[in-house]
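The values are calculated or read from the model by the stated rules, or taken from the named source; none is laboratory data. The structure presented is a predicted model; accordingly, all values stated were derived computationally and were not measured. Cβ: placed from backbone, ideal geometry, glycine included. Neighbour counts: every protein chain shown. Accessible surface is based on the protein model in full, side chains and every heavy atom, while ligands, DNA and RNA are left aside. Shrake-Rupley method; radii C 1.70, N 1.55, O 1.52, S 1.80 Å.
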Number of protein chains: 2
Amino acid sequence: MIKCGKYTKEGGWTMELLEKRIQKDGTVKPGNVLKVDSFLNHQMDIELFGEMGREFQRLFADKPINKILTIEASGIGIACIAAQYFHVPVVFAKKSQSINLDGDVYCTKIESFTHKRIYDVIVSKKYLKPEDHILIIDDFLANGCAVNGLIDLIESAGATVEGIGIAIEKGQQAGGKLLREKGYRVESLAVIESMNDETGEIVFR
Amino acid sequence: MIKCGKYTKEGGWTMELLEKRIQKDGTVKPGNVLKVDSFLNHQMDIELFGEMGREFQRLFADKPINKILTIEASGIGIACIAAQYFHVPVVFAKKSQSINLDGDVYCTKIESFTHKRIYDVIVSKKYLKPEDHILIIDDFLANGCAVNGLIDLIESAGATVEGIGIAIEKGQQAGGKLLREKGYRVESLAVIESMNDETGEIVFR
């Protein structure tokens, strides 16, 4: 077993393993884009995901989580691996209407930073219930649009948001700060303080 | 540990656990639609996925697989859980161009039975190489469009298709038969012989 957590002065847990991997294999592109597609969101390093899942479980061990909610596509892998440590099912919100999703759905709109467009995002009402205690998991948190959309779906159902687990938070953008100010428990395994697309430098918080 | 495989007369392995779950929670809709969104492709039963992953590993244990390829979104969860048993990374093909996927990509077109439309599907050339030995994993096999698209991507890269692992094959449609005739090794954990949307009956092969 790899030891991968360290306690920081800020009182948050970070994950050295993930930071080191971002330093090694991540690349910074113009427009505040961090490419981590060799291990996180196109090709996926499942053993790394296992360590991340274990860490999410440790971080949220005090919460009565009975379901994980994520959004297609790049949140699904991390959420599924993490769910093994929580022994709960995963529901993924879908970005477009499908003929296989009949009946009533909760719907919200999410603006994608990556794709520069607005999606309708839906979850079947069958899979979000007032008695659910939900952990949101996603790969990135930047301006918070995706997470806020998922919170909107959960709260439409009368369910409880127990926490938000993120692989990489872009600390330069306000999403995480605003969510914490609203009282949500946000745990990000790596928080980027700054990055420079000319030098390739990535500084973690 | 749950025992879940049985050897059938046809020489294939099926997975009683999955068949029983389809009988219990699947519903048949007009238009040859089988809804399994309570456990397979919207809400996902991760413990069931674990049994499926273990079974895929057993079925393809003789193959030198170094990577799993799937397609967003509903193949990702099954592929990631299965990858833990193979100790290999997963790559998922993407249904639309993203600014985070720069550089060269392999591209093909896939017609979706579910969504009645044609997608451009891409994989970065960085993650499919001639030396790769690939297992394709997906949730459904019907007319075979998605799997044939993934084969096209793999063969464009000069990589080897070692096999195709499917959760549910619709045996009434020709996709699986045509792939086997071409010499591909296709292993489906449940094969539907027929289903009736009036009675709800589902018969397995």
Mind jotting down the distance between the C-alpha centroids of the range A:113-180 and the range B:33-96, whole Å? 24
So which GluC sites (Glu not before Pro) in the range B:55-164 pass both tests, a DSSP loop state and at most 14 other Cβ atoms within 10 Å of the Cβ? B:GLU131
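Checking the a/c ratio against 1.5 first, then a/b against b/c, what shape does the Cα gyration tensor give for the range A:29-68?
Since a/c reaches 1.5 and a/b is larger than b/c, the shape of the range A:29-68 is classed as prolate.
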Using a 1.4 Å probe on the protein heavy atoms, what percent of the accessible area of chain B belongs to carbon and sulfur? 49
Rank by packing, highest mean first: peptides A:76-82, B:122-128, with packing defined as the count of other Cβ atoms within 10 Å averaged across residues. A:76-82, B:122-128
May I ask for the net charge around A:ASP139, where only other residues with Cβ less than 11 Å from the Cβ of A:ASP139 are counted and Lys, Arg are +1 while Asp, Glu are -1? -3
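Work out the length of the dipole vector of chain B about its Cα centre, built from +1 on the beta-carbon of each Lys and Arg and -1 on the beta-carbon of each Asp and Glu, and round it to the nearest 20 debye.
140
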Rounded to the nearest 20 debye, what is the charge dipole size of the range B:139-195 about its Cα centre when +1 sits on each Lys and Arg Cβ and -1 on each Asp and Glu Cβ? 140
Rounded if a/c is under 1.5, else prolate if a/b beats b/c, else oblate: with a ≥ b ≥ c from the C-alpha gyration tensor eigenvalues square-rooted, which is the range B:67-166? rounded
Å² per residue, accessible surface of chain A at 1.4 Å: 42
Give the shape of chain A as rounded, prolate or oblate, defined through the alpha-carbon gyration tensor: a ≥ b ≥ c are the square roots of its eigenvalues, a/c under 1.5 means rounded, and otherwise the shape is prolate if a/b is larger than b/c and oblate if not. prolate
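Set the Förster distance to 56 Å, then compute FRET efficiency between A:LEU178 and B:GLU181 from the Cβ-Cβ distance, nearest 0.05.
Calculated transfer efficiency: 0.50.
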If R₀ is 35 angstrom, what is the calculated FRET efficiency for the pair A:THR199 and A:ASP104, using the beta carbon separation as r and rounding to 0.05? 0.10
Buried accessible area for the A:B pair, summed, 1.4 Å probe, in Å² rounded to 100? 3600
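For a protection proxy built on the mean count of beta-carbon atoms within 10 angstrom, sort A:134-143, B:20-29 highest first, please.
Ranking, from highest mean packing down: A:134-143, B:20-29.
Report, in debye and to the nearest 20, how large the dipole of the protein assembly as shown comes out about its Cα centre when Lys and Arg carry +1 and Asp and Glu carry -1 on their Cβ.
Dipole about the Cα centre, nearest 20: 80 debye.
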Peptide B:46-58, shielding by other chains (average Cβ, 10 Å cutoff): 2
